[in-house]
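Below you'll find the structure, written out as structure tokens, and then a few comments.
The values are calculated or read from the model by the stated rules, or taken from the named source; none is laboratory data. Because the structure is a prediction, the values reported are computed rather than measured. As a convention, Cβ positions derive from the backbone with ideal geometry for all residues, glycine included, and neighbour counts pool all protein chains shown. Surface accessibility is based on the protein's heavy atoms, side chains included, excluding ligands, DNA and RNA. Shrake-Rupley method; radii C 1.70, N 1.55, O 1.52, S 1.80 Å.
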Amino acid sequence: MLQIQGLTKTYGALSAVDGVSLSVGKGQMVGIIGRSGAGKSTLLRLINRLIDPSSGSLTWDGRNIARLSGAHLRAWRAQCAMIFQQFNLIQRVDVITNVMIGGVSRRSSWRNLLGVFSDDERRQAYRLLDELDMSARALHRADGISGGQAQRVAIARALMQNPQIILADEPVASLDPRNAKVVMDALRKINRERGLTVICNLHNLHTARNYCDRIIGMVDGRIAFECSPTELSPARVSQVYGVASESELDASLANVD
Amino acid sequence: MPNSAVAIIAVEPGDNASAGQTQPSNLALSEILIAHRRTRQRRVALLLLGLAVFIGAAYKVGLNPLSMARGLEKLGGFLRSMVPPTAGGHFSELLYALGQTVAMAFVGTVLAAVIAIPLSFLGASNVVGVWPLRFVVRRLFDFVRGVDVLIWALIFVSAVGLTPFAGIMAIAIADGAVLAKVFSEIIEQIDNKQIEGVQSCGADRLTLLRWAYVPQILPLFLSNILYYFESNARSATILGVVGAGGLGYELSERMQLLLWDQVFMVVLMILAVVTLIDFASRVVRRQIA
Amino acid sequence: MSWSSLIEFEEVTRSKRARELISATGAVAVFIVLLALSARIGEVSPQALLDGASAAADYIGRMVPSLHFNTVGPDLKSWYWSAGTWLNALSDTILIAFLSTVIGFVIGAPLSFVASRNLTSGWAYFVVRRLLELIRTVPSLVYAMAFVLAFGLGATAGILAVALHSASSLGKLFSEVNETADGKTFEAVQSAGGGWFSVVRFALLPQVAPAYVSYTLLRFEKNIRSATIIGLVGAGGIGQELFVAIRSFQYQDVSAIVLMIICTVMVVDMTCDRARRLFT
């Protein structure tokens, strides 16, 4: 279980994340909504510890992870897989190696350095790709596949980490609707079948409503509300996005995109 | 000086000015004539000024038309005695010198890369956060870069003696600085998303270097190294002039003895080796990209 | 490459990895052999490298002038004891670069019209274009050596050498610029009854002048560097002073002159860079 208490990240005078308290149970699928700049992305980076919190506490199953460093920090990152809006794959390296990079923390340094992968790792990576319907592209270079395919490779890499929790930062914001559905379905399936906790930043309300057990609204680095998908009322939507109705929101988002 | 450089090419601004003035309608004919005369006068004045500066400069450095005429006559004699080119029975010697030239460029470039890679990481702003160190490294690049490789060669010849090794060291130092600068700019333009991607999996520093940095920078590093190898092959041909071995040495030796037919042979060999290396390096570069 | 099962995939990747390993090993082996061979021909060995590095460090150590805070004035004066001569030589170098750029331009620009496919056709184009390419492949130092023998020691040989290289280089670059010029303006001038010279003067030059200026300034920067080194073979300017200083092991003179050269190169580069931005 992930527990966050008063988590704050300041950049000079600006608080990107401001006193966030939250607890996420095992196997939940949580959607975080909010405008861009509301601190959603910073919050996920704080949880994965790509960045250090300014203050507040962060625990996983009772273990403090806010102040980890060195090998402990790397071990936590491995447990807490991250998926990015721009996929963040290694462009010039083939798909299956990108997936095997997910297992980096289980290998010795020199094996990583020389790029020596075992047959077991190769098999696991292949099965993960197969599960995501990407095994046919295993030997393509990551810069030669489409966005929807790249995001599925990124999910396979995340699963290769054998994580306990997956953080997804706008995983479908750069994808067309059809590919967005494929990727969200995959995340949902992982959440259901493997019982993995998934925390997902989304800018699309429909997606959040359709896929998440629980929705959190963020405004100016703070949590504005927590509710179930059915409780996501127009009032709450306008609280987060500052618009009167959902159709107006759709219109404004369409303009932004 | 820039003034007179402009004077010679000043035809263009004048044209624009006159074109601009003819466009409005209802312009009296006399006005057009006056405007045109003024442009012409300005142009002539600038040209005369340029000419005066040119003549003044020529006088200062002692450019003498009379000695030029005599020299041209001599030069004609040189040119006539250049054909047919011949190796003068030293062909194997020249071939060895050619090999020495290529070897100088090759080893020099490899050493330059070996020097440049660690320096470039120190000079890149996204890797080294200590700005005084970065500042010192940057200024060092600029300093070394300001001195031509031939001057380095001359210095190393007087430090280590008449050997191709002096030329190799000259290339290594002069190009080490340039490559370090080029490399550090490549590192600064690295895509941060790929680094974050590998970092988020729990990679340590070495793994990050191997899987986030190297795949991005290696092809660019290699193609730049090849490019500098090409350019070094060109400069290696002349390093011998100051005693650093290779074709340049054979060239200057034969020139002093006025063996122009052999000089022509060496020049042809220089052209051949430069062309060959350009071609080879283009092939290899296409493989990398 | 395609596969329908994990087993097939493993077969494909195994052979692919084997191939990659072989080609990588081969490339590394070829590289090592070439390097070893080159090191032998180039008379380099680890020992020579160590000795060379310490000799170079020693040389640089001797070049550092002794400047003390209390006596900076006199120290500088004794470091730059021959400042007058050096400044004179340096101004010669700058003038050599200037004169050779101008001569190079005056010869190169007309030649570029002949070397452009859209202005000249037939054998004249081919011959001039190839000739320009051939002449610019030979380094200006080689010309300088030959010209010193023809014109005697001094700036005349240097100016002509750098000018020859500049003319061919500018001619080649300008002809490439000319070929990108808009052909419709050519037709306009031709339809008005203009001949070849009118086309060049009224249709071509107005289009290409900014690029000409930019390339000429760039050439001037390069010629400053060339003008410093041609002095090493006796073709005038600061290079001649540097040659004497290095050959007579006057370490402090070497550093004094090199510093002057570096400053000149930097100032000229910066000035030309700014001037270029004015025109483009």
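Remarks
- Flagged links, alpha-carbon separation over 24 Å, of C:Lys172/C:Lys222; B:Lys60/C:Lys77; B:Lys60/C:Lys172; A:Lys26/A:Lys189; A:Lys9/B:Lys193: B:Lys60/C:Lys77; B:Lys60/C:Lys172
- Once the Cβ-Cβ distance of C:Arg130 and B:Arg282 is raised to the sixth power relative to R0 = 30 Å, the FRET efficiency obtained is 0.95.
- Positive dipole terminus of the protein assembly as shown, leading residue within C:Val258, A:Ile96, C:Gly195 (C-beta point charges): A:Ile96
- Rounded to the nearest 20 debye, dipole of the stretch C:6-63 from Cβ charges on Lys, Arg, Asp, Glu: 60 debye
- Per-selection Rg to Rh, the stretch C:6-63 - Cα, Kirkwood hydrodynamic radius: 1.44
- Per-pair calculated FRET efficiency, R0 = 25 Å: B:Ser125 and A:Asp52 via Cβ, rounded to 0.05: 0.75
- Candidates C:Ser82, C:Ser169, C:Ser15: whichever shows maximal mean-square fluctuation once chain C is modelled as a Gaussian network with Cα springs under 10 Å: C:Ser15
- Cα centroid separation, the stretch B:109-177 to the stretch C:196-231 (Å): 32 Å
- The Cα-based radius of gyration and maximum Cα-Cα distance (Dmax) for the stretch B:112-203 are 16.6, 55 Å.
- Label positions at B:Ile34 and C:Glu176, each projected 7 Å from the Cα along the C-beta direction, are separated by 4.7 nm.
- Ordering A:Tyr11, A:Ser238, A:Ile47 by Cα displacement along the dipole of the stretch A:2-256 toward the positive end leaves A:Ile47 in first place; charges were set at the Cβ atoms of Lys, Arg (+1) and Asp, Glu (-1).
- Alpha-carbon centroids, the stretch A:75-114 and the stretch C:111-190: separation in whole Å: 55 Å
- Accessible area in the full protein assembly, largest first, 1.4 Å probe, for A:Arg188, B:Arg282: B:Arg282, A:Arg188
- About the Cα centre, charge dipole magnitude for the protein assembly as shown (Lys/Arg +1, Asp/Glu -1 at Cβ), debye: 260 debye
- Over the stretch B:101-153, the alpha carbon radius of gyration divided by the compact-protein estimate 2.2 N^0.38 Å works out to 1.34.
- For the protein assembly as shown, the fraction of 1.4 Å probe accessible surface lying on carbon and sulfur atoms is 62 percent.
- Two-decimal Rg to Rh for the stretch B:152-289 - Kirkwood Rh, Cα set: 1.16
- Helices in chain B that qualify as membrane-span-like (whole DSSP H runs, Cα extent of at least 20 Å along the helix axis, mean Kyte-Doolittle hydropathy of 1.0 or higher) are B:91-123, B:164-188, B:260-288.
- Candidates B:Ala177, B:Ala113, B:Ala52, ranked by Gaussian network fluctuation over chain B, Cα under 10 Å, top entry: B:Ala52
- Whole-Hz Karplus values for the stretch A:52-57 come out as 8, x, 7, 7, x, 10 Hz, taken residue by residue from phi with 6.51 cos²θ - 1.76 cosθ + 1.60 and θ = phi - 60°; glycine and proline positions read x.
- Projected label points at A:Lys181 and B:Arg43, each 7 Å from Cα along the beta carbon direction, are separated by 7.0 nanometres.
- Cα centroid of the stretch B:212-289 to Cα centroid of the stretch A:213-233, whole Å: 67 Å
- Each Cα pair under 8 Å and six or more residues apart adds its sequence gap; the mean of these over the residue count of the stretch C:78-279 is a relative contact order of 29 percent.
- Beta-bridge orientation, the protein assembly as shown: approximately 55 percent antiparallel, per DSSP, counting only bridges with both partners inside.
- Accessible surface ranking that places the most exposed of B:Arg138, A:Arg137 first, with a 1.4 angstrom probe: A:Arg137, B:Arg138
- Using R0 = 41 Å, the C-beta based FRET efficiency linking C:Ser91 and C:Ser198 works out to 0.50.
- In the elastic network of chain A, a GNM with C-alpha springs shorter than 10 Å, the most mobile of A:Val17, A:Val182, A:Val172 is A:Val182.
- With coordinates expressed along the principal axes, the C-alpha atoms belonging to the stretch C:143-280 extend over 68, 36, 16 Å, beginning with the largest.
- Considered as an equivalent ellipsoid built on the Cα gyration tensor, the protein assembly as shown has semi-axes of 61, 36, 28 Å, the largest given first.
- Each Lys and Arg contributes +1 and each Asp and Glu -1, all at the Cβ; summed about the Cα centre of the stretch C:78-279, the dipole is approximately 320 debye.
- Radius of gyration and Dmax over the Cα atoms of chain A, both given in Å: 18.4, 57
- When the charge dipole of chain C is built from unit charges on Cβ atoms (+1 for Lys and Arg, -1 for Asp and Glu) and taken about the Cα centre, the candidate among C:Trp86, C:Leu37, C:Ala146 whose Cα reaches farthest toward its positive end is C:Ala146.
- Each semi-axis of the equivalent ellipsoid for the stretch A:1-71 is √(5λ) with λ an eigenvalue of the Cα gyration tensor; in descending order they amount to 19, 16, 10 Å.
- Solvent-accessible ranking of B:Ile55, B:Ile32, A:Ile216, largest area first, probe 1.4 Å: B:Ile55, B:Ile32, A:Ile216
- Cα extents of chain C along the three principal axes, largest first (Å): 77, 71, 40
- Rg/Rh (Cα only; Kirkwood hydrodynamic radius) as it applies to chain B: 1.14
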